[in-house]
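The values are calculated or read from the model by the stated rules, or taken from the named source; none is laboratory data. In this text the structure is predicted, and so the values were computed from the model without any measurement. Please note: Cβ atoms are built from the backbone with ideal geometry, for glycine as well, and neighbour counts cover all protein chains shown. Areas reflect the complete protein model, heavy atoms only, side chains present, ligands, DNA and RNA absent. Shrake-Rupley method; radii C 1.70, N 1.55, O 1.52, S 1.80 Å.
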Amino acid sequence: MAGSATVLTDDSLLSRMDQGLMRLERFMALLAGLAVFGLMVLAVVSVSGRNGFNQPLPGYVDWITQLMPLIAFLGISYVQRDGGHIRMDILVARLSGRPLWLFELITTALILILMLLLVWGTWAHFDRSFDMSKPMWSRDSTIDIGLPIWPAKLLAPVAFAVLCLRCTIQVIGYGRAIISGTDSPVAVPLIQSAAEQAAAEAEHIEGRD
């Protein structure tokens, strides 16, 4: 698992794009968090109804099906910006300078290619279930209470498209770092050492006092 990371900013166009996209990513991550909270509330209501009134929440499994894509997909671009996805820290920690940026460029570019393919595939999957001539614009619905499935299917290509934008920004950032040879590029996650993490956490705690 990657450690804590920091993303540097400046007045460049790339940095402004990074910060603009970050606002969208934070909003999407907030929606994912609200979906987790909503799932918890639904569980409480369903269990309370079953135990107290012998009447669980109708369509509980259907609502879980609808909420899971929000939880699974909407936060992935936000985590990518902060370098929080699983990575080969043992190898990356041995690199520095241009070799490090080249390694990051290659891995991020591979992620970008994969996500572009997934955007194409998930959009086709969504398109098969969306039909404006059908009730609630859907050819498919959940088994219990008949919720349309297309909104949940649409979340995947949308979230993956945002991740593609994030990876594109990072590829450009790493490319600029390779060309310039800088040790502190903007718009890319810079993984902190254990000492830097401790200092950042201490500063954060002091700022809340």
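For the residues GLY146, GLY84, the requirement of being surrounded by 15 or more Cβ atoms within 10 Å (Cβ to Cβ), outside any helix (DSSP H, G or I) and of a type in the set (Gly, Ala, Ser) singles out GLY84.
Where residues in the range 13-45 are of a type in the set (D, E, K, R) and more than 11 Å from TYR78 (Cβ to Cβ), which of them is surrounded by the most Cβ atoms within 10 Å (Cβ to Cβ)? Give the steps one after another, and end with the answer.
Pass one, the range 13-45, residues of a type in the set (D, E, K, R): 16, 18, 23, 25-26.
Cutting the leftovers down to more than 11 Å from TYR78 (Cβ to Cβ) gives us 16, 18.
Details: ARG16: 14, ASP18: 24.
Of everything passing the filter in the range 13-45, ASP18 is surrounded by the most Cβ atoms within 10 Å (Cβ to Cβ).
The rows are residues; the columns are (1) under 24 Å from VAL158 (Cβ atoms); (2) hydroxyl-bearing (Ser, Thr, Tyr); (3) in contact with a helix residue (DSSP H, G or I) (Cβ under 7 Å, 6 or more places away or on another chain).
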{"site": "GLY75", "(1), (2), (3)": "yes, no, yes"}
{"site": "ARG81", "(1), (2), (3)": "yes, no, yes"}
{"site": "ILE86", "(1), (2), (3)": "yes, no, no"}
{"site": "SER129", "(1), (2), (3)": "yes, yes, yes"}
{"site": "SER133", "(1), (2), (3)": "yes, yes, no"}
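Going by the conditions given, is PHE126 closer than 28 Å to GLY38 by Cα, assigned to a helix (DSSP H, G or I) and not β-branched (Val, Ile, Thr)? Here the answer is yes, as PHE126 does meet what is asked.
Can you spot a residue in the range 72-81 that is touching a residue at least 24 places away in the same chain (Cβ under 8 Å), in a loop (DSSP other than H, G, I, E, B) and closer than 28 Å to THR9 by Cα? Taking every residue of the range 72-81 in turn, at least one turns out to be touching a residue at least 24 places away in the same chain (Cβ under 8 Å), in a loop (DSSP other than H, G, I, E, B) and closer than 28 Å to THR9 by Cα.
In this structure, THR6 qualifies as open to solvent by 30 Å² or more (accessible area, probe 1.4 Å), under 13 Å from ILE191 (Cα atoms) and within 23 Å of the chain's Cα centre (by Cα). Pairing each residue of the range 29-51 that is within 25 Å of GLY84 (Cα to Cα) with any residue that is open to solvent by 60 Å² or more (accessible area, probe 1.4 Å) and not small (Gly, Ala, Ser), provided the two are 6+ apart or on different chains, yields C-beta distances under 7 Å for ALA29/TYR78.
Please name all residue pairs, on different chains or six or more residues apart, with Cβ atoms under 8 Å, provided the first residue is in the range 89-100 and is under 14 Å from PRO189 (Cβ atoms) and surrounded by 12 or more Cβ atoms within 10 Å (Cβ to Cβ) and the second residue is modelled with pLDDT of 85 or more and among the acidic types (Asp, Glu). Matching pairs, first to second residue: VAL92/GLU104. Just one of (1) buried (at least 16 other Cβ atoms within 10 Å of the Cβ); (2) free of Cβ contacts under 8 Å to residues at least 40 places away in the same chain; (3) not basic (Lys, Arg) fails for ILE106. It is (1). Pairs linking a residue in the range 114-138 that is in contact (Cβ under 8 Å) with a residue 12 or more places away in the chain to a residue that is open to solvent by less than 90 Å² (accessible area, probe 1.4 Å) and in a loop (DSSP other than H, G, I, E, B), with Cβ atoms under 7 Å and 6 or more positions apart or on different chains, are SER129/ASP140; SER129/ILE149; TRP137/ASP131; SER138/ASP131; SER138/ILE149.
Test PRO56 against the stated conditions and say whether it is open to solvent by less than 50 Å² (accessible area, probe 1.4 Å), more than 20 Å from GLY175 (Cα to Cα) and under 21 Å from the mean Cα position of the chain (by Cα). It is false that PRO56 is open to solvent by less than 50 Å² (accessible area, probe 1.4 Å), more than 20 Å from GLY175 (Cα to Cα) and under 21 Å from the mean Cα position of the chain (by Cα).
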